[in-house]
1. Just the number, please: Stokes-Einstein D of the stretch 22-85 in µm²/s, Kirkwood Rh from C-alpha pairs, 37 °C, 0.692 mPa s.
2. Could you tell me which of rounded, prolate or oblate describes the stretch 1-56, using a ≥ b ≥ c as the square roots of the eigenvalues of the alpha-carbon gyration tensor, with rounded for a/c under 1.5 and, failing that, prolate when a/b is larger than b/c and oblate otherwise?
3. Give me, ordered by chain and number, the residues 5 or more places off residue 86 or on other chains with an amide H under 5 Å from its own placed amide H.
4. Can you grab the distance from the C-alpha centre of the stretch 63-127 to the C-alpha centre of the stretch 1-44, Å, no decimals?
5. Testing the spin-label approximation: label points 7 Å from Cα along Cα→Cβ at residue 51 and residue 140. State their distance in nm.
6. Which of 106, 92, 120 sits closest to the plus end of the dipole of the chain, meaning its Cα is farthest towards the positive end, when Lys and Arg get +1 and Asp and Glu get -1 on the C-beta?
7. How do the peptides 122-129, 76-83 rank, highest first, by the average count of neighbouring beta carbon atoms within 10 Å per residue?
8. Under 10 Å from the Cβ of residue 153, count the other residues' Cβ atoms, weight Lys and Arg +1, Asp and Glu -1, and hand me the total.
Amino acid sequence: IRESGCERPTTTTQPDGSFDLTVGPGTWTIGLNSTDTTHSQVAPVTATVTNDQTVTGLNLTLKTLDKTVTGEIFNAAGVKLTGYVGSAFVQSSTKGTKVSSPVIDGSFSIKYSSADVAGPSILVGAEATEGSSYAGSTKAKVTISGSTATKNLTVLAYDATLSGELLWPDG
């Protein structure tokens, strides 16, 4: 993507992982959008180019997605919410790295790298999309031993009302 813009040129990598991306002058952030479900990128790279310039050495290092947390979203009555609009996330209990995945038909599956979310003790939660009729969940502490864990989450309905007035400084 071009800095301060919405241009998103794409290309396909060669079998050896190499790529050429044709762009115009400017500062670009190059990232990976992959159908590979076993790897993710460490971080995008940035390059500034001028007219007719070729920039080389823009390498994206992949990490193995070696952990998976799955679960379902339920309401307070224990009914699975197949229409829940939002995402689920995993987060380290010691640092702020968060990895998210959409909730689809009330279920989620989050694949992540243990390099991003380290340790056997992680936090799992749900976040509602704006306009949802349900809130997100509280963060639940989960121990992931091996490569997988399951944690179902409960969310509460938005069924209360907050009201008030905006007042000028003089009341």
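Any read-out appearing in this document is the output of simple, stated calculations on the displayed coordinates, not a laboratory observation. The structure displayed is predicted, hence computed values, not measured ones. For neighbour counting, all protein chains shown are included, and Cβ atoms are generated from backbone atoms with ideal geometry for every residue, glycine included.
1. After rounding, the answer is 208 µm²/s.
2. prolate
3. Placed amide hydrogens put 103, 129 under 5 Å from residue 86.
4. 26 Å
5. 5.9 nm
6. Going by the Cα projections, it comes out as 120.
7. Highest mean packing first, the order is 122-129, 76-83.
8. Summing Lys/Arg as +1 and Asp/Glu as -1 gives +1.
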